[in-house]
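Novice: The structure is given below, and queries will be raised subsequently.
The values are calculated or read from the model by the stated rules, or taken from the named source; none is laboratory data. Everything numeric here is computed off the predicted structure, so don't read it as measured data. Heads up, the Cβs are rebuilt from the backbone with ideal geometry, glycines too, and the neighbour counts pull from every protein chain shown. What goes into the accessible areas is simple: the full protein's heavy atoms, side chains included, and nothing from ligands, DNA or RNA. Shrake-Rupley method; radii C 1.70, N 1.55, O 1.52, S 1.80 Å.
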Amino acid sequence: MKIFIVAALFVITLYTLGFAITLWKEKQKFSALAVFFLTLAILILPFFSIL
C-alpha cells in the first residue's frame, strides 16, 4: 500500500509540475510560481503526516 501511495504522489507531482511549466510558457509567471509552490507543498507535506 505504501508503494501505491508513493507512486500516486509521484504522478500527482509530475502532473502539477507540468502544469506549472505550461503556465510559464504561456507567460503567466505569477500563476506558474503559485503552482510550483503548490508542487513543493505536495512533496513536503507527507513528511508531516502521522502514519
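Novice: Look through F10, F47, F37 and report the one residue that is of a type outside the set (D, E, K, R), open to solvent by 80 Å² or more (accessible area, probe 1.4 Å) and over 14 Å from the mean Cα position of the chain (by Cα).
Specialist: Working: F10 fails: over 14 Å from the mean Cα position of the chain (by Cα); F37 fails: over 14 Å from the mean Cα position of the chain (by Cα).
One residue alone meets the criteria, F47.
Novice: Any idea which of (1) touching a Ser or Thr at 6+ places or on another chain (Cβ under 6 Å); (2) exposed (fewer than 14 other Cβ atoms within 10 Å of the Cβ) is the one L23 doesn't satisfy?
Specialist: (2)
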